[in-house]
Protein chains: 2
Amino acid sequence: AECRGSALAADRSLHTFKAFCELNRVLATAETRDAGKLREKILTMETLNPHVKAVEYAVRGPIVIKAGDIERRLQQGVKQPFTEVIKANIGDAHAMGQQPITFLRQVVALCCFPELLDSPAFPDDAKQRAQRILQGCGGHSLGSYSASQGVECIRQDIAAYIEQRDQGIPADWNNIYLTTGASDGIMSILKLLVSGQGSSRTGVMIPIPQYPLYSAAISELEAVQINYYLDEANCWALDIGELRRAYRAAKQHCQPRVLCIINPGNPTGQVQSKKCIEEVLHFAYEENLFVMSDEVYQDNVYSPDCQFHSFKKVLYEMGPEYSSSVELASFHSTSKGYTGECGFRGGYMEILNMDPEVKAQLVKLLSVRLCPPVSGQAAMDVIVNPPRRHEASYTQFTKEKNSVLGALAEKAKMTEQILNSVPGMKCNPVQGAMYAFPQIFIPPRAVQEAQALSVAPDMLYCLKLLEETGICVVPGSGFGQQEGTYHFRMTILPSAEKLKVLLEKVRDFHLRFLQEYSPQEAPVRRTSQEHSET
Amino acid sequence: AECRGSALAADRSLHTFKAFCELNRVLATAETRDAGKLREKILTMETLNPHVKAVEYAVRGPIVIKAGDIERRLQQGVKQPFTEVIKANIGDAHAMGQQPITFLRQVVALCCFPELLDSPAFPDDAKQRAQRILQGCGGHSLGSYSASQGVECIRQDIAAYIEQRDQGIPADWNNIYLTTGASDGIMSILKLLVSGQGSSRTGVMIPIPQYPLYSAAISELEAVQINYYLDEANCWALDIGELRRAYRAAKQHCQPRVLCIINPGNPTGQVQSKKCIEEVLHFAYEENLFVMSDEVYQDNVYSPDCQFHSFKKVLYEMGPEYSSSVELASFHSTSKGYTGECGFRGGYMEILNMDPEVKAQLVKLLSVRLCPPVSGQAAMDVIVNPPRRHEASYTQFTKEKNSVLGALAEKAKMTEQILNSVPGMKCNPVQGAMYAFPQIFIPPRAVQEAQALSVAPDMLYCLKLLEETGICVVPGSGFGQQEGTYHFRMTILPSAEKLKVLLEKVRDFHLRFLQEYSPQEAPVRRTSQEHSET
């Protein structure tokens, strides 16, 4: 290039310059062509692992990528019909302004920088927790690898917590495994369970709608996905008849070996009754299914008529015939509840009735990744071992906890109410978790337009919502839904004031959308008026 | 049981009691038998995912599990021929007593508990780092999920660090991906690359000896492992002729698509010359191989004759024909270097020349697990953005860093020297990383005994070493070695005093072992005397 530059400097006539440019272009093209011939990329869409290609994860899918692009453009000063992108696509509490629980952060900071153990600014109970955790770490440092199953004393604290939660039903810390968030635990257990070929390939039963980690893991592991549909007309209840139907149908072409449950439900927000859990466990017992119960929202129950029952507790109450035989893995996380500590990637699983040899294989598998992040383990420890009534931090901790959970309960109710006030929208009660999953009416003309664009109708809807309002929600098609129905998932995490504005914007958008795609304009306006008269 | 108890109380004659016990026993057996008939476990060694079964990971394998058992027994007061188990099996610096770098922990603690930003006990440069990181986090909280690729400003800091490290060769932060330790990044890239069936199945070239994450990942992903042997007689150098031989042989039964390099070497401790790296890159270019360069020990170079050259830098120095086409992923970690922060699970990868569509697929795959631990990302940020000369923490930071690296250099030399003083042991110089990998002579009688027990001869050796001395090292068979040669891997991480004692114990054990398995006793004693005379 330097040589060419000198040649250019030597002869400045325009004609020569143009010829020079043309020559350069020709050379460059030839170079590219030659390079193209010689060099094909090794890793292309054609050679990529096909199971990776098959993975889909809507919670951070195309809509969210687009939201990021719009956000960047806003920051660069590009005008939009809104001033802010609101990411209601993901259960990420702190990103939505929720404040961390002081006690948890004190303990983790003390573990990170033990010199603070001498600081009078930190309460004794936080110091005691930190000291206990550090005692359990190699070299008393958060920087050591822990055992692959996690720090021993944290596993003991978790077992004690489960015992207390389940009114004294015993929990053995040898059955506890710390994980990198719940996702990592779910992935590890599914990995163990996938085997066989053709009609003996492992089938995994998952609820529809589901949290798309499950379908993504099933794709990646080449297992067979078996859908059982939750009953939207009945507050997203799990119907045992539907479970049987799905099982029988799947039996024809795979070997159903795993039953996944999400309780409280994600994205559907229902809380399962004890009776329902009993039926599910009885079914799993009868049909020899390994039960995976995703209970990461166990602290997020808002409806006064509902109560969280752990699968473990119900299993034990069904008697030793069940409790000594049903293979069960239950998952929990630091990311949800009232702490919302997603970034720490903390979590654990309790595994019951697993064959001891298989357990050794699980530990071997986990050991390849060495250990879950130890700071996340410390965060998990605080959640299972919070300040007690007589301790210094109890009052502040309780106030903070109740404030978060109280606000979530109010926002759950407000979300349901406002969404149900919109014509062409229907939202089941948000009994628990942190999402609303309303059904939305999409006019046939919009469905046709989406089909012409080869996108799901609710994807079109959510894209337009994002572009017009800056609100980012996830289309129901990313979670699965009954054919011909459309939904979106939104979190209830923004502050109450912001959430109200957001919901009103969603309402206005929806009305505009109905109008835009209505056969004539008039009927939509009528519907809106009808509603405001009720 | 209560009812049976009452019955027992009502009739205390011994005869009745015995009959009662017998009845109970019969009932219990029948119950077990029935249960056995009804319930077979779903997840057994027979139904377990066969690829999980195939995984092996010696660094936390049987020897280490046994070491844990012995440690527990020691704690319970069971007498052993030693008072302490020393885990020299894993590069876990803090567990061996290395102190954390103060500045790193200050920054992470500040990020965890931002109230400390007001504390005069923390230096300004640490506060500035923490504020910058928190600015990049959703809601300014370490508790938010980051983008799946990692926090943007941390990726920018990493790119700036790479540019500086590589003397100005440009680094684009869009090519940087934060990971959960290096292992997670390596696993993700391999996952993309595995495809095809039969003779078109992806082959992955790995050095032998290797770090067993590679073989474990290859087993789990069902790829084909292609061994290229490092040249032990030549300080474990990578010989390009051997690379060609391995490639050609593998071409017959698979599609070699990936070339893995570990530099500085693990477990072998060699540091590759620039010339060697050029040859490797030229070979990869010629044969269309995706290069994965594991450079987690880039700060651990001790030999004054050696220097770390990044694959990226050498690639760019080879000219645009190479630098614009060779697909390269390079891995780094918080766990090694002078920080040794294993527990935070921090790391990153830089990816060059990846097809943009494939990059989008990678981000999708990473997004299923949401994000790497944000505290680990923060730790990574400190490593790439340490205090500068004019900043408050510079002096202390530099002192701590030099102290760790200086001690490691001394221990590397001492380890090599003492091991080479043992008859029947030969250790290459520990030029870098944190391990010695000596070759050990195992007498034929010991080999026969091991074969009779169906264990590898060096496994037998390491088990005996553990049982007799409490020293836990990993058999060479867990890393791979030329047939008929035996090795073990030990870390150089214990304090100099402790390491000296450890090495002397290893020497004494080795002499006893030679003696125990010698054809007659006399020759060994002679060897030992010969040695002490030199």
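The values are calculated or read from the model by the stated rules, or taken from the named source; none is laboratory data. Only a predicted model underlies this, so the values are computations on that prediction, with no experimental measurement involved. Positions of Cβ are backbone-derived with ideal geometry, glycine not excepted, and every protein chain shown enters the neighbour counts. Accessible surface is based on the protein model in full, side chains and every heavy atom, while ligands, DNA and RNA are left aside. Shrake-Rupley method; radii C 1.70, N 1.55, O 1.52, S 1.80 Å.
Of all residues in the stretch B:56-73, which are of a type in the set (A, V, I, L, M, F, W, C) and either open to solvent by 40 Å² or more (accessible area, probe 1.4 Å) or not assigned by TED's automatic domain parsing to the domain that holds B:LEU466 (or both)?
The first filter runs over the stretch B:56-73 and keeps only residues of a type in the set (A, V, I, L, M, F, W, C), leaving B:58-59, B:63-65, B:67, B:70.
If the condition is that a residue be of a type in the set (A, V, I, L, M, F, W, C) and either open to solvent by 40 Å² or more (accessible area, probe 1.4 Å) or not assigned by TED's automatic domain parsing to the domain that holds B:LEU466 (or both), then B:ILE65 is the only one that fits.
Looking at the stretch B:1-86, the helices (runs of 4 or more DSSP H) lying wholly inside it that each contain 2 or more residues that are at pLDDT below 50 sit at B:2-10, B:14-38. Applying the condition of being of a type in the set (D, E, K, R) and not in a loop (DSSP other than H, G, I, E, B) to the stretch B:356-372 and asking which residue is most open to solvent (accessible area, probe 1.4 Å) yields B:GLU357.
In the stretch A:307-314, the condition of being over 22 Å from the mean Cα position of the chain (by Cα), within 23 Å of A:GLY150 (Cβ to Cβ) and not in a strand (DSSP E or B) is met by at least one residue. Could you check the stretch B:103-129 and list, in sequence order, the residues that are assigned to a helix (DSSP H, G or I), under 17 Å from B:ASN385 (Cβ atoms) and within 11 Å of chain A (Cβ to nearest Cβ)? Residues satisfying the conditions are B:PHE103, B:LEU104, B:ARG105, B:GLN106, B:VAL107, B:VAL108, B:ALA109, B:LEU110, B:CYS111, B:ALA126.
Within the stretch B:94-117, is there a residue that is in contact with a strand residue (DSSP E or B) (Cβ under 8 Å, 6 or more places away or on another chain) and of a type in the set (A, V, I, L, M)?
Step one: list which residues in the stretch B:94-117 are in contact with a strand residue (DSSP E or B) (Cβ under 8 Å, 6 or more places away or on another chain), which gives B:95-96.
Imposing the further condition that a residue be of a type in the set (A, V, I, L, M) reduces the set to B:95-96.
Yes, some residue in the stretch B:94-117 is in contact with a strand residue (DSSP E or B) (Cβ under 8 Å, 6 or more places away or on another chain) and of a type in the set (A, V, I, L, M).
Contact map, the stretch A:315-327: first residue open to solvent by 70 Å² or more (accessible area, probe 1.4 Å), second residue at pLDDT 95 or above, Cβ cut-off under 7 Å, separation 6 or more or different chains; pairs are A:TYR316/A:ILE169; A:TYR316/A:SER323; A:SER324/A:ASN353. Among (1) more than 29 Å from A:ILE90 (Cβ to Cβ); (2) open to solvent by less than 10 Å² (accessible area, probe 1.4 Å), there is one condition A:TYR228 misses while meeting the rest; what is its number? The single condition A:TYR228 does not satisfy is (1). Residues of the stretch A:266-289 that are in a loop (DSSP other than H, G, I, E, B) and within 14 Å of chain B (Cβ to nearest Cβ): A:ASN266, A:ASN288, A:LEU289.
Restricting attention to the stretch A:153-167 and to residues that are open to solvent by 30 Å² or more (accessible area, probe 1.4 Å) and within 26 Å of the chain's Cα centre (by Cα), the residue that is nearest to the other protein chains (Cβ to nearest Cβ) turns out to be A:TYR161. Among the residues of the stretch B:143-152, not a single one is outside any loop (DSSP other than H, G, I, E, B) and open to solvent by less than 50 Å² (accessible area, probe 1.4 Å).
Of all residues in the stretch B:334-347, those that are of a type in the set (S, T, N, Q) have Cβ atoms under 6 Å from Cβ atoms of residues that are part of a loop (DSSP other than H, G, I, E, B), 6 or more apart or on another chain, in B:THR334/B:GLU341; B:THR334/B:PHE344; B:THR334/B:GLY346; B:SER335/B:CYS342; B:THR339/B:ILE101. Checked against (1) in contact with a His (Cβ under 9 Å, 6 or more places away or on another chain); (2) open to solvent by less than 10 Å² (accessible area, probe 1.4 Å); (3) assigned to a helix (DSSP H, G or I), A:GLY340 meets all criteria but (3). If you go through the stretch B:466-475 and keep only what is of a type in the set (A, V, I, L, M) and either surrounded by fewer than 21 Cβ atoms within 10 Å (Cβ to Cβ) or assigned to a strand (DSSP E or B) (or both), you end up with B:ILE471, B:VAL474. Mind counting the residues in the stretch A:300-327 that are within 12 Å of chain B (Cβ to nearest Cβ) and out of contact with any helix residue (DSSP H, G or I) (no Cβ under 6 Å at 6 or more places or on another chain)? Adding up the residues that qualify gives 5.
For A:SER335, the criteria (1) within 10 Å of chain B (Cβ to nearest Cβ); (2) more than 19 Å from A:ILE90 (Cα to Cα); (3) of a type outside the set (Phe, Trp, Tyr) hold in every case but one, which is (2). With respect to the conditions (1) surrounded by fewer than 21 Cβ atoms within 10 Å (Cβ to Cβ); (2) assigned to a helix (DSSP H, G or I); (3) touching a residue at least 40 places away in the same chain (Cβ under 8 Å), B:THR415 lacks only one, and its number is (1).
Here A:GLY97 clears all of (1) more than 9 Å from every other protein chain (Cβ to nearest Cβ); (2) on the phi > 0 side of the Ramachandran plot except the condition numbered (1). A search for C-beta distances below 8 Å between a residue of the stretch A:384-412 that is at positive phi and any residue that is open to solvent by 40 Å² or more (accessible area, probe 1.4 Å), counting only pairs 6+ apart in sequence or on different chains, returns nothing.
Listed conditions (1) closer than 30 Å to B:VAL194 by Cβ; (2) facing chain A (nearest Cβ under 10 Å); (3) assigned to a helix (DSSP H, G or I); (4) at pLDDT 95 or above are all met by B:MET380, apart from (2). Taking the conditions (1) assigned to a helix (DSSP H, G or I); (2) out of contact with any helix residue (DSSP H, G or I) (no Cβ under 6 Å at 6 or more places or on another chain); (3) at pLDDT 95 or above; (4) of a type in the set (Val, Ile, Thr) in turn, B:VAL447 satisfies each one other than (2).
Considering A:LEU134, A:LEU48, the condition of being at the interface with another protein chain (Cβ under 8 Å from one of its Cβ atoms), over 30 Å from A:LYS500 (Cα atoms) and touching a helix residue (DSSP H, G or I) at 6+ places or on another chain (Cβ under 9 Å) is satisfied by A:LEU48 alone.
Of the strands (runs of 3 or more DSSP E) lying entirely inside the stretch B:174-242, the ones with 3 or more residues being more than 14 Å from every other protein chain (Cβ to nearest Cβ) are found at B:202-208, B:224-229.
Yes/no per residue for (1) buried (at least 24 other Cβ atoms within 10 Å of the Cβ); (2) touching a residue at least 24 places away in the same chain (Cβ under 8 Å); (3) polar (S, T, N, Q); (4) out of contact with any strand residue (DSSP E or B) (no Cβ under 6 Å at 6 or more places or on another chain):
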residue	(1), (2), (3), (4)
A:CYS260	yes, yes, no, no
A:ASN263	yes, yes, yes, yes
A:LEU281	yes, yes, no, yes
A:TYR285	no, yes, no, yes
A:PHE290	yes, yes, no, no
A:GLN298	no, yes, yes, yes
A:PHE308	no, yes, no, no
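Each row is one residue, and each column tells you yes or no for (1) in contact with a strand residue (DSSP E or B) (Cβ under 7 Å, 6 or more places away or on another chain); (2) closer than 30 Å to B:ARG105 by Cβ.
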{"residue": "A:LYS364", "(1), (2)": "no, no"}
{"residue": "A:SER375", "(1), (2)": "no, yes"}
{"residue": "A:VAL384", "(1), (2)": "no, yes"}
{"residue": "A:HIS390", "(1), (2)": "no, no"}
{"residue": "A:GLN396", "(1), (2)": "no, yes"}
{"residue": "A:LEU405", "(1), (2)": "no, no"}
{"residue": "A:ALA409", "(1), (2)": "no, no"}
{"residue": "A:LYS413", "(1), (2)": "no, no"}
{"residue": "A:GLU416", "(1), (2)": "yes, no"}
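Residues in the stretch A:443-465 that are in contact with a Phe, Trp or Tyr (Cβ under 8 Å, 6 or more places away or on another chain) and crowded, with 21+ Cβ neighbours inside 10 Å: A:ALA446, A:PRO457, A:ASP458, A:TYR461, A:CYS462, A:LEU465.
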